[in-house]
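The values are calculated or read from the model by the stated rules, or taken from the named source; none is laboratory data. Remember, predicted model here, so these are calculated numbers, not experimental data. Here the Cβ positions follow ideal geometry from the backbone for every residue, glycine too, while neighbour counts run over all protein chains shown.
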Amino acid sequence: MPGRAEGCATGADVGLPAKLARPFLHILASLLLTIPALAEDTAPKPFAGDIPILHEEAAAAGIDHSYGGPWEFFVGGGGAAFDCNDDRFPDVFLAGGKGEGAFYANRSRAGGRLSFEKVPQDLDPKDLQNVTGAYPLDIDQDGRQDLVLSRVGGNILLKGLPECRFEKANFPWNFDGGRAWTTAFSAIFEPGATYPTLAFGNYVDRAAPGSPWGTCADNVLIRPKKAGDGSETKGGAAEAGRPDYSEPFALSPGYCALSMLFTDWNRSGEPSLRITNDRQYYRGGEEQLWRVEPGRAPRPYRKADGWQHLSIWGMGIAEGDVDNDGYPDYALTSMGDTKLQFLDREFEDAPTYRDEAYQRGATAHRPYVHDAGKPSTGWHAGFADFNNDTALDLFIAKGNVEAMPDFAAYDPDNLLMGGFDGNFTEVGEEAGIALPTKGRGALIADFNLDGAADLLVVNRGQKASLFRNLGGKAGFGTRPLGNFVKVKLAQTGANRDAIGAKLAVKIGAKTLNRTIRVGGGHASGISGFVHVGLGTAERAEIRVQWPDGEWSHPYRVFADNFVLIDRGADAARYWYPDADRPEPPEPAVTARSGASAETVADP
Amino acid sequence: MMGKRRVTLVLAALAAIGSPPLSATAGEPAWSEKAIKERIDPASLVGMIAGLQLENLAEEGRDLFEARFTTLDGAGRPNATQAIVPTAPRRPAEFAFQRLAGPDANACSSCHNEPVTGGAGGFVANAFVSEGFESANFDTLDAQFSNERGTNHLFGAGLIELLAREMSADLAGLRRAALRQARDAGEPVRAGLSSKGVDFGRITALPDGSVDLTELSGVDDDLVVRPFTQKGVMTSLRQFTVNAMNQHHGMQADERWGTRWTGMADFDGDAHEAELGTGEISALVAFQATLAPPREETPDDEAWAEAASRGRTIFAGLGCESCHRPALPLKSLAFEDPGPVDMAGTLRRGDVEAPATYDLATLEWAKRLPRNDKGEVMVPLFGDLKRHRIADSRTPELGNETLAQRFVERDVFVTAEALGPRRHGALRPPRRHHDAGRGDPRPRG
């Protein structure tokens, strides 16, 4: 109404007699007083557990690496963390995009500051260019980690040699890397196989008419040929005791995969291949799950099987048993959204999932700082227990594709801490990872073997970030996190690293589940110790379900230890990082991180 | 008259309800049965605490040790079991007081009282050790559900823990040296593990940094000497205190059941948050750590003295001293709290800005402790802090428990310190070796 003062109308204003207006005013006043209280009740509660302090020290640690290049490298940007020099400290390979990928040997001391040293390679530099991502895997089963490089225009298999040296093995292993734009990878050992089955996820077929719209390339599954199966030429790789990947199988249709993962979604012992796809380019596509049954051609799950249509800008897959029910749960990154999927057990043996990201506070759809009202762009996703409280936390790498104006430009990575109520709380800012970077792939690994998960994030067009987990935030600095155990499995014969094995770690009445897997995330893979946060438990019983389905007896281990479990062994062996490793060289002080690194004491 | 009296009573009651007269110190009504009237500020427990200051802290601990906790303090745990890892039952506990699963006492001193506070307990004060079932508490004495144990005394417990800490450090040092040697030589190194003259078997360090533990003897795989409880499964007084306060009283320490590790301020669901802070636990630790150790004395009576002397000779002659070592040497009487080997869930050194150090050397009883020629205190424990298998197929009657506990088999126990309050006067042969099975009214002491 013109000329009338705006604000709350009183009883007199609305024409009520004074007698009636008085109680009305009381009610109104009490309502107004309760509004702030209600607001307080609905405000997110601060995370009650330890918030890990992640200290960025890439430059001080000797990591100086960027991922970049034109349109083809808007996606990808991953790396690999694995031990390539037999000291069990995770070493690193980082994809460079148009530029060269780089190998870094880990020179950190246990519990100390992080330190890496670049390792030159006697490889054709061109082979290290155009790399989008990398996954470590012992392909030829010689006890050394090899490396799968996903590339734009021909994938490469590198055979691991001593002291973090590598040689190209495409020819000896009969592997034709193809010419596709590869952005995803996963691997599994199928029953009876000597070597792993490899799956490559491809993006846009740039040569197809009408590209890029609706021209997604097929994905590829390559089973190793068996010696003596009559399908290979005499004197071939398989007969010579080498992997033979000469028969690729097209997984058609492809819908522009950006991550794939062999996962035993129904605990059948037969992992299926889950693929997350980018709806930006496909037409009529969706998320995919392929049955991969031994000796049979892969078949996609369809609606009739219970697989429900889902169309997202799928970027990354993380697998973890968030609710400790024994079945894997999945986080799928996208643009302006994150899915957190739980198997809907109402449908018997059907891959039907409920999305509980909203209920559990894990949508991570907009930046939590510098929020300009624009949606986030999620890439790598990884579950890990960053504070060792037993609950899985979720890391998501975030970053604008390049300069998409409708999406957040300042888009910090997420650290969603899992709570004991099954919900997640964002602590990225308090943890120290809210940087204005364009995150892509990431490596969650304990680089200094102190029992706390560290983090390396590959950024597009910017230097990679390396965060050392200093421990939980405390009034006086940092304090140690919960207890942990790190487990490395080994078996003889094929599949030495027990890929596909499941760990059931029992503490009190709770069982924490982990699976050894290769794939997922965004163009990034890790191998080595499996990290399990134990909270306040001083002891744990570990049972292993080996890849062939056989369960072990319980292994009794004490917390805060690294344990090696060899199949068939009566007891786990304890392993200790070399306490006498030389002190790494002092970092060159840089404007970016050198000064702050000097002020941080070793935990 | 009656009417007037009734009015007076009503007025008094109303006065009590309306504005209770408060005690001068803590804002509690004068008749309040609240045991913790003032919290102990953990910030005051930093650095060296010695002499009178330490005695005062120990007195605060004694008050808590003797306090009768009630629901006013948060005693009881309707939504938590006795398990050492925070565990909620599937349904609220049926009984607020339960002799087997606990809570089974409202004061530490209800059991630890012979001959004085901090001592052992009579048969009636036996405790029951069992898993924290999440689904049920069994009201049965059947040994398949719990082990019945005598109440241990805590005299000299501070010295015992200090011995264990030094032994753990020795063993870790030997392991590190063996690993270094194996890495340098590129071949396995078999190394003996011995500390303070106690042999813990051997380890084989492998060049890859792993350790073969199959020849280990009497100590856990992580080489941490855990000196407390009959099984030797408790690392420290602090850990023992945190566990026991929950099990026996339903008083939950924040350092394990607080929001940091459970997400809840009132995990046990009794409407009391933060029942025990780190200050209260520290005081309880200080009380126990400063309890004087039992002493060996020569009785005035000649006959007793002669008998004791003869008994000592027989004790040595039978080989009892191979396990019941009369004394072990201790380098330092500085008792740091939190200690060096506790894990998450028990306050650790790193959880505080600076730990407190209780200087036991400044206590009156410490001045009377014997020392060796190196100046080390000879702790008169009649034990070795090592676990032994005390029953086998030839003597099965010595193993009267049916449940293993925390990775320790049912017939394996840590050597009991043979000096104790129920043996005052003269040494008696170790009771354990004379137990006659489950029917024996004297469970493991």
With the condition kept exactly as written, say whether any residue in the stretch B:215-234 is part of a helix (DSSP H, G or I) and facing another protein chain (nearest Cβ under 9 Å).
no
Residue tally, condition within 11 Å of chain B (Cβ to nearest Cβ) and out of contact with any Pro (no Cβ under 9 Å at 6 or more places or on another chain), over the stretch A:458-473
0
Unmet requirement for A:E538, which otherwise passes all of (1) buried (at least 22 other Cβ atoms within 10 Å of the Cβ); (2) away from chain B (no Cβ under 14 Å)
(2)
Going residue by residue through the stretch B:183-202, is there one that turns out to be within 9 Å of chain A (Cβ to nearest Cβ) and in a loop (DSSP other than H, G, I, E, B)?
no
Tell me which residues, restricted to the stretch A:570-583, are among the basic types (K, R) and within 8 Å of chain B (Cβ to nearest Cβ).
A:R573
Being modelled with pLDDT under 95 and either part of a helix (DSSP H, G or I) or in contact with a Pro (Cβ under 7 Å, 6 or more places away or on another chain) (or both) narrows B:Q239, B:Q247 down to just B:Q247
Tell me, which strands (runs of 3 or more DSSP E) wholly within the stretch A:42-159 include 2 or more residues that are farther than 25 Å from A:L435 by Cβ?
A:131-137, A:146-151
Lone qualifier among A:D421, A:D411, A:D349 - being at positive phi, of a type in the set (D, E) and part of a loop (DSSP other than H, G, I, E, B)
A:D349
Going through the stretch A:124-158 one residue at a time, which ones are surrounded by fewer than 21 Cβ atoms within 10 Å (Cβ to Cβ) and without any contact (Cβ under 8 Å) to a residue 24 or more places away in the chain?
A:K126, A:D142
Any pair with Cβ under 8 angstrom, 6 or more apart, that starts in the stretch B:393-409 at a residue that is within 14 Å of another protein chain (Cβ to nearest Cβ) and ends at one that is surrounded by 13 or more Cβ atoms within 10 Å (Cβ to Cβ) and outside any loop (DSSP other than H, G, I, E, B):
B:Q405/B:V129; B:Q405/B:N147; B:R406/A:R539; B:F407/A:R539; B:F407/A:R556; B:V408/B:R387; B:E409/B:R389
Any chance you could count how many residues in the stretch B:151-166 are farther than 13 Å from B:K196 by Cβ, of a type outside the set (G, A, S) and out of contact with any Cys (no Cβ under 8 Å at 6 or more places or on another chain)?
5
Do we have any residue at all in the stretch A:476-486 that's among the aliphatic types (A, V, I, L, M) and under 21 Å from the mean Cα position of the chain (by Cα)?
yes
Is it fair to say A:V532 is touching a residue at least 12 places away in the same chain (Cβ under 8 Å), within 14 Å of another protein chain (Cβ to nearest Cβ) and surrounded by 22 or more Cβ atoms within 10 Å (Cβ to Cβ)?
yes
Quick check: anything in the stretch B:127-134 surrounded by 20 or more Cβ atoms within 10 Å (Cβ to Cβ) and within 14 Å of chain A (Cβ to nearest Cβ)?
yes
Which members of the stretch B:350-369 meet the condition of being crowded, with 17+ Cβ neighbours inside 10 Å, more than 14 Å from every other protein chain (Cβ to nearest Cβ) and not aromatic (F, W, Y)?
B:A356, B:T357, B:D359, B:L360, B:T362, B:L363, B:A366, B:L369
On the given criteria, is A:L394 under 15 Å from the mean Cα position of the chain (by Cα) and buried (at least 22 other Cβ atoms within 10 Å of the Cβ)?
yes
State which residue is nearest to A:Y67 (Cα to Cα) when the search covers only the stretch A:370-400 and only residues that are in a loop (DSSP other than H, G, I, E, B), at pLDDT 95 or above and of a type in the set (A, V, I, L, M, F, W, C).
A:F386
Filter result (exposed (fewer than 13 other Cβ atoms within 10 Å of the Cβ) and at positive phi) within the stretch B:177-198
B:G186, B:G197
Taking the condition of a type in the set (F, W, Y), surrounded by fewer than 24 Cβ atoms within 10 Å (Cβ to Cβ) and within 11 Å of chain B (Cβ to nearest Cβ), does A:F476 pass?
yes
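For (1) modelled with pLDDT of 95 or more; (2) within 20 Å of the chain's Cα centre (by Cα); (3) part of a loop (DSSP other than H, G, I, E, B), each residue gets a yes or a no:
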residue	(1), (2), (3)
A:I444	yes, yes, no
A:L449	yes, yes, yes
A:L456	yes, yes, no
A:N459	yes, yes, no
A:N469	yes, yes, no
A:G472	yes, no, no
A:T492	yes, no, yes
A:R496	yes, no, yes
A:I499	yes, yes, yes
Residue count for the stretch B:45-78, restricted to those that are farther than 20 Å from B:A274 by Cα and among the polar types (S, T, N, Q):
2
Among the helices (runs of 4 or more DSSP H) contained in the stretch B:257-332, which hold 3 or more residues that are over 20 Å from B:E417 (Cβ atoms) and among the aliphatic types (A, V, I, L, M)?
B:278-289, B:302-317
Is there a residue in the stretch A:559-569 that is touching a residue at least 40 places away in the same chain (Cβ under 8 Å), under 25 Å from the mean Cα position of the chain (by Cα), more than 12 Å from chain B (Cβ to nearest Cβ) and part of a strand (DSSP E or B)?
no
Going through the stretch B:157-173 one residue at a time, which ones are surrounded by fewer than 19 Cβ atoms within 10 Å (Cβ to Cβ) and among the aliphatic types (A, V, I, L, M)?
B:A169, B:A172
